[in-house]
Amino acid sequence: MAWRNGCEELTQSKPLFITIYTVVIIGIVVSFFYVFSAIYSSDTPAAHSSAWLSSSISPEDPRLIDQTLNNSQSEKVRAASTSSPGKQNVWPSSVWEVPPSNKKMPPLKDFRLTKELVQQRVKDNVVIVTFGNYAFMDFVLTWVEKLTDLGVSNLLVGALDTKLLEALYWKGVPVFDMGSHMSTVDVGWGTPTFHKMGREKVFLIDSILPFGFEVLMCDTDTVWLKNPLPYLARYPAADILTSSDQVIPTVVDDNLEIWQEVSGAYNIGIFHWRPTASAKNLAKQWKEMLLADDKIWDQNGFNEILQSQLGPSVDDDSGLVFAFDGKLKLGILPASIFCSGHTYFVQAMYQQLRLEPYAVHTTFQYGGTEGKRHRLREAMLFIDPPDYYNPPGGFLSFKPSIPKSLLLSGEHNVESHFTLINHQIKQIRTALAIASLLNRTLVMPPLWCRLDKLWYPHPGVLEGSMTRQPFLCPLDHVFEVNVMLKKLPEEDFGPGIDFREYSIFDNPSLPSEVKKSWLDVQLCKEGTQDCDGSYNTTAGGVLKFPRHSNEEMFVKVFSSFKDVKVIKLSSVQDAFTGFINKEREDRFRRRVKQYVGIWCCGSDKPIGHIYYDMYWDEKPGWKAIPPQSPEEDHPPL
């Protein structure tokens, strides 16, 4: 009635008052609709959840950027489970679904980790997570592609820098911001920044578990070969299932390792957590330990806490063991199928046991990040861009020559190992020189070893392991892969020599134009029939090329085949007499002398390692012995 009376009075008023009342009423109606829209719209910034970064601190706030590790991570973790009402959806619905090019990238705060954000990627209450910085972009893309190839899409990638976050977003990879503002370059294993990056894993687990989801956490240098989720589901009672550095099998099937026989450290490169009270408590204590002492390595801290109480077995059958607080149920994943760099690349344990591997983690290697890439490339497990398989200048390949006696005769000891390696080094040295001369990319040959390489003394191979002798060893067992890829000044070391893994011609990614453009070169004795470097198409398309050829002969003959993608030599033994220009020869020698590393280690000497020598054959009486004093402990001159 009051409303009706007001209207009657309004109609009897003067026109000025009619106008005023009308404006007021329209304003009230417009304000009502604006407030209603702001409350219920899911597209406004206010409706998005806060997460990995504290909701009380904006991304631009200097308090966030300038905080020390201990303080900032503590704040992040406390804020992780806080979320505002509304829907947080910054990714396309499917992995690899690229956002429209005309779409503007959402603001950084929309990528904060929240329960709503993780929920979008969860399947059967499980999410698979990794994280890294831009330097590991290729590892991340390999990690994601291998999982999606297996039909696994419940995955998430944490970005430690905005450069990676933006790059992954525009490739259609589900990514979230970890707010670390770290360097975009490779920080190197063991550095303070490396340890800081590792600690992010602890804070991340401690943040996700309260959401109520299971999390399979893994490092970016892990490659998945088989969907692991059905295997993990076989052990529903486990609070944690972890990989390990175990190199001696305790089981010969796909059951969990026998925990009483495991001597290797638990490796946090692959481990699965369930959101149980014990697991949450472990994550909390692990985080607090690292915050209290920044010198503790995250993996050592995990092992120390987890093994503070170990045993008894949970039951007679599952392989689980009580650990940590006496309530947490732990399982150790079998190293034969959740492989380390040793059980996969050296022992090939899964092959010998006729098992299907689930994953390989590139541990136990000696070439830094570059060594990890090369191992995965040798196994054809790494995703590279198309131009990697079709480099400018083409490939140079050769068939290595190894007498049976060097592989199989006599004992497997230091002497026989170095005799075998030196025989291969000399051929690779010649091939590097020819590749440099022809400006081609050298395809390294498979490398055979008689002894294993480790960081500590051992009897040749680890007792109890399944390492066969001889075995195809990774390139980083002998060669310094990271040094070979390092940019060195040409005025001192000559032009760089690019190289590829021995398996590249078997890789399905090799383009057909490379496979079809091939020249076989047969070395021959100068003076014999057709041994003049001419190309005889009637002889099966084989070019006969004289041994002991000099620089001029190589340039003269092979300059006619610059457009050929692959030149394969039948051998490089006695193929090249050396560079004509002494300065170029000297620069080449300085370069390749750095390419070889050490064998490690004998147990009966104060200094146990022995240096490989690229020019061992030029030193009469050369022997494989370790340095006799600290003054002699340096690479060969």
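Data for the structure
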item	result
Selection count where residues are among the charged types (D, E, K, R) and surrounded by 22 or more Cβ atoms within 10 Å (Cβ to Cβ), scope segment 454-488	2
Odd one out for Thr467 among (1) modelled with pLDDT under 95; (2) within 30 Å of Thr419 (Cβ to Cβ); (3) out of contact with any Lys or Arg (no Cβ under 7 Å at 6 or more places or on another chain)	(1)
From Gly621, Gly608, Gly597, residue being over 18 Å from Arg429 (Cβ atoms), of a type outside the set (Phe, Trp, Tyr) and in contact (Cβ under 8 Å) with a residue 12 or more places away in the chain	Gly608
Check on Phe364, over 28 Å from Gly311 (Cα atoms) and within 16 Å of the chain's Cα centre (by Cα)	yes
Search result, residues across segment 362-375 that are in contact with a helix residue (DSSP H, G or I) (Cβ under 7 Å, 6 or more places away or on another chain) and on the phi < 0 side of the Ramachandran plot	Thr362, Thr363, Gln365, Tyr366, Gly367, Glu370, Gly371, His374, Arg375
Where Glu304 falls short, out of the listed (1) farther than 30 Å from Pro474 by Cβ; (2) touching a residue at least 24 places away in the same chain (Cβ under 8 Å); (3) in a helix (DSSP H, G or I)	(2)
Enumeration of residues in segment 582-594 that are without any contact (Cβ under 8 Å) to a residue 24 or more places away in the chain and not acidic (Asp, Glu)	Lys582
Counted residues, segment 370-398 - those being free of Cβ contacts under 8 Å to residues at least 12 places away in the same chain and not in a helix (DSSP H, G or I)	2
Segment 446-465 residues that are at positive phi and not assigned by TED's automatic domain parsing to the domain that holds Gly597, paired with ones that are surrounded by 17 or more Cβ atoms within 10 Å (Cβ to Cβ) and among the acidic types (Asp, Glu) (beta carbon under 9 Å, 6 or more apart)	none
Any hit, segment 380-389, residues being within 30 Å of Gln522 (Cα to Cα), touching a helix residue (DSSP H, G or I) at 6+ places or on another chain (Cβ under 9 Å) and surrounded by 15 or more Cβ atoms within 10 Å (Cβ to Cβ)	yes
Residue in segment 507-518 that is assigned to a strand (DSSP E or B), aromatic (Phe, Trp, Tyr) and surrounded by fewer than 17 Cβ atoms within 10 Å (Cβ to Cβ) present	yes
Qualifying residue in segment 494-503 (condition: on the phi > 0 side of the Ramachandran plot, crowded, with 19+ Cβ neighbours inside 10 Å and outside any helix (DSSP H, G or I))	yes
Number of the exception - Gln594 against (1) modelled with pLDDT under 95; (2) over 18 Å from Asn439 (Cβ atoms)	(1)
Lone qualifier among Phe302, Phe322 - being aromatic (Phe, Trp, Tyr) and in contact with a Pro (Cβ under 8 Å, 6 or more places away or on another chain)	Phe322
Segment 223-260: number of residues that are among the small types (Gly, Ala, Ser) and part of a loop (DSSP other than H, G, I, E, B)	2
Criterion (of a type in the set (A, V, I, L, M, F, W, C), outside any loop (DSSP other than H, G, I, E, B) and touching a Ser or Thr at 6+ places or on another chain (Cβ under 9 Å)) met by exactly one of Leu330, Leu355	Leu330
Output for segment 597-624, where each listed residue is modelled with pLDDT under 95 and touching a strand residue (DSSP E or B) at 6+ places or on another chain (Cβ under 8 Å)	Gly602
Selected residue [assigned to a loop (DSSP other than H, G, I, E, B), touching a Leu at 6+ places or on another chain (Cβ under 8 Å) and of a type outside the set (Asp, Glu)] from Val118, Val152, Val140	Val152
Residue check, Gly533 surrounded by 12 or more Cβ atoms within 10 Å (Cβ to Cβ) and on the phi > 0 side of the Ramachandran plot	yes
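Matching residues to (1) in the same structural domain as Arg547 (by TED's automatic domain parsing); (2) closer than 23 Å to Asp498 by Cα; (3) of a type in the set (Gly, Ala, Ser):
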| position | (1), (2), (3) |
| --- | --- |
| His361 | no, no, no |
| Gly367 | no, yes, yes |
| Phe398 | yes, yes, no |
| Pro403 | yes, no, no |
| Ile428 | yes, yes, no |
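Every residue, every condition in (1) surrounded by fewer than 19 Cβ atoms within 10 Å (Cβ to Cβ); (2) under 14 Å from the mean Cα position of the chain (by Cα), yes or no:
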residue	(1), (2)
Glu116	yes, no
Thr130	no, yes
Thr142	no, yes
Thr148	yes, no
Leu155	no, no
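The values are calculated or read from the model by the stated rules, or taken from the named source; none is laboratory data. Please read these numbers as outputs of a predicted model, since none were measured by experiment. Virtual Cβ from ideal backbone geometry, glycine too; neighbours counted across all protein chains shown.
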